[in-house]
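Asker: Take a look at this one; I'll ask things after.
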Amino acid sequence: GEPQHMSDELRLQIAGILNDPDLKVRQFREPLQMLVGWDQASQFEVSGSDNRPIFYAVEKRGFLSALLRNFNPFHQRHIECMTLAGTQAMTVDFPFTLIFRRGEVKAWDGRLMGRVVQRFSLLRTWLDVETPGGATQLSIVGPILKFFSFSDWVFEVRRGETVVAKIKKHWGGFFAETFGTSDNFTIEFTDGFSDGRQRQLLVAAALTLDLARF
């Protein structure tokens, strides 16, 4: 996941992830979910500040996995992030869990880049971004006592006590929020947030938030 170890081609293809001041994560609408309640494979578009797509994050599964997803929301999921040129940028695996979600993020070469782990909290949504060894690098903290809202959700990304980024889940309107599963996120970085590995992990964190909270 370190940019200096990537090929020049891959580094150029995901330059927006590594350098842009903000990123957008847009989930595609699931028509069967809206019509009959059948949950389909998740698909996301990740774009940069110029709104141009950088890569697509697509859940890979077979027919049996589709059945499990609709009858067991906590089953294992595998998401592949592919650039427009068809290069795998990273993968995110969500193993089977009964309560708290955990996203295991692997780099383009298959090495574990880090984890996004949901933590117990009575008052708010809380996730930690960990190194492969389990050390907490960043914490993602949601608003207190907010369970439903007609406005955006804002999650602070903290390094210690310092807010270094924000992940915003945008209100999509009553019908979209009630009958669909299409969510839109924006990741806003503070000036100087240039760690390429952590930027990629925050994209995975937005995907984890979608599963864990929305």
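The values are calculated or read from the model by the stated rules, or taken from the named source; none is laboratory data. Keep in mind that this is a model prediction, so the values were computed, not measured. With ideal geometry, Cβ positions are generated from the backbone for all residues, glycine too; neighbour counts draw on all protein chains shown. Surface accessibility is based on the protein's heavy atoms, side chains included, excluding ligands, DNA and RNA. Shrake-Rupley method; radii C 1.70, N 1.55, O 1.52, S 1.80 Å.
Asker: Calculate, in nm to one decimal, what THR131 and ILE144 gain on full extension: separation in residues at 0.36 nm each, minus their alpha carbon distance.
Answerer: Difference between extended and current length: 2.0 nm.
Asker: Can you run phi through the Karplus equation (6.51, -1.76, 1.60; θ = phi - 60°) for the stretch 108-125 and list ³J(HN,Hα) in whole Hz, with x for Gly and Pro?
Answerer: 4, 8, x, 7, 5, 8, x, 9, 10, 10, 7, 10, 6, 7, 6, 9, 7, 7
Asker: Compute the distance in nm between two label points, each set 7 Å from the Cα along the Cα-to-Cβ direction, one at ARG124 and one at ARG213.
Answerer: My value for the distance between the label points is 1.0 nm.
Asker: Follow-up. Can you give me the solvent accessible area of SER139 with a 1.4 Å probe, rounded to the nearest 10 Å²?
Answerer: Only protein atoms counted, so the area is about 20 Å².
Asker: If amide hydrogens are placed 1.01 Å from N in the peptide plane, which non-local residues have theirs closer than 5 Å to the one on GLN76?
Answerer: PHE96
Asker: Name the residues of the stretch 1-22 whose amide N is less than 15 Å from a point 7 angstrom out from the Cα of THR87 along the C-beta direction?
Answerer: Under cut-off, by backbone N: 1-19.
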